[in-house]
Amino acid sequence: MPYVVPYANRTAPSVKKTSVYLPEALKARLAAVAMRSGRSEAQLVRLAVERLVDAEPVRGSVVRTEDPVVRRHRPEPALVGLGMGPGDPGLVTARTVAELRSADRVLAPSTDLASIGRAEIIVREVAPDVAVERVGFVMEVGGGARSSALTAAAERVVVALDAGERVAFVTLGDPNVYSTFSCLAEEVRARRPEVPIETVPGIMAFQDLAARSGTVLVDGDERLVLVPARAGSDRGVLAAAAADPTAAIVIYKGGGRLPEVAGLLAEADRLDGAVLGELLGLPGARMAAVADVADRPATYLATVLVPPVRRHADGRVDRSPRQTAARAGRGAGGPGPDGARPAGEAPDEPGQVQPGARRRRRAAS
Ligand SMILES: C[S@@+](CC[C@H](N)C(=O)[O-])C[C@H]1O[C@@H](n2cnc3c(N)ncnc32)[C@H](O)[C@@H]1O
């Protein structure tokens, strides 16, 4: 018997359905993809609809030579390093968020698979519906543990790439600056040289610190020098940078040697104006003048910024050139009221934070 549309419905302008019928075979394939990707079936259905809608051109503006949906779903394996910024979710770029959502798999480095790493925390803040898989990393340089972990991570990535997936790997800051991503990318490139490796830039801790402290980093002919200062680094490199008054110096990885770093800056008459930003945008963040906190080491996630010494036209020398008044002690995203050093610090990038730490920060701010 033919189906008769009731008269009232014939005049209805449109029918909006939010439930869909999926044939059994498609359901089974959907379940398999969900299992493999760690996402729920509902997430995958939403993602597919988003892709369809995003791919739809503005009516009449584009002549289609190929169905954009088909084109987008053709497997194009790639490894993408995503810069998540230093910690504040507000500093994650729109492009990084888009990549998080369009990747088939999102991996995050982790030194302890039972705890959440900092980059993963940021993903939860900016894209809570995206499932993140932790990949074990060993931060201690030297010894076989680090390279075994790296090999295992690369092989895991390769399996996903061979299945045609776009694999995203999240890192703090920028993926091209002292990042776990570059080591992983090298291993993957050695195994699958034909697979594209891309990166999406991220805001770096020193940029965040310059903004928070109101520091003009470089101007005119001044130079910017980024110096790693972990244990074992050549002391002479920092001394040489400090000897050049026209150089702005960013010191990374030097938190554990803060007293020594401060001493070296003092020797070169560069301590005045140097600012420390620790755990920027993360629980326990603080910002302070280096001279005020150099009696003890800071955490690994600490950055020191030393502005150039600027000579003004009237001969005045400015050793702490600030754009605005320094906000040391209150601008780092939630330091304690007394500027106290946070307890229970995680030692290394990609450091771990116990679940709930972010909640505590929110409650405190
Ligand atoms: C292994 S490097 C990672 C750098 C990162 N890829 C970037 O682009 O900023 C780790 C160093 O970055 C700096 N750093 C990263 N995140 C930071 C944060 N939230 N607060 C302060 N310093 C940070 C610290 O100097 C730390 O020792």
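Values in this text are rule-based calculations from the coordinates and carry no lab data. The model shown is predicted, which means the values in this text are computed figures rather than measured ones. All Cβ positions, glycine included, derive from the backbone under ideal geometry; neighbour counts span all protein chains shown.
Specify whether the C-alpha gyration tensor of segment 102-154 places it in the rounded, prolate or oblate class, a ≥ b ≥ c being the square roots of the eigenvalues: rounded for a/c under 1.5, otherwise prolate if a/b is larger than b/c and oblate if not. It is prolate, given that a/c is not under 1.5 and a/b is the larger ratio.
Going by neighbour counts of Cβ atoms within 10 Å, the residues 166, 118 line up, fewest first, as 166, 118. Considering segment 104-235, its Cα convex hull presents a mean projected area of 11.0 nm². Of the GluC sites (Glu not before Pro) in segment 147-210, the ones in a loop by DSSP (not H, G, I, E or B) with at most 12 other beta carbons within 10 Å are 194.
Amide H contacts for residue 215 (H built 1.01 Å from N in the peptide plane; partners 5 or more residues away or on another chain; cut-off under 5 Å): 323. Amide H contacts under 5 Å for residue 80: 167, 168, 169, 198, restricted to partners 5 or more places along the chain or on a different chain, H placed in the peptide plane at 1.01 Å from N. What's the FRET efficiency of residue 25 with residue 231 using the Cβ-Cβ distance as r and R₀ = 41 Å, to the nearest 0.05? Efficiency for this residue pair is about 0.10.
The overall shape of segment 118-185, judged from the alpha-carbon gyration tensor, is oblate: a/c is not under 1.5, and a/b is no greater than b/c. In plain terms, the C-alpha convex hull of segment 205-322 casts an average shadow of 6.7 nm² when viewed from every direction.
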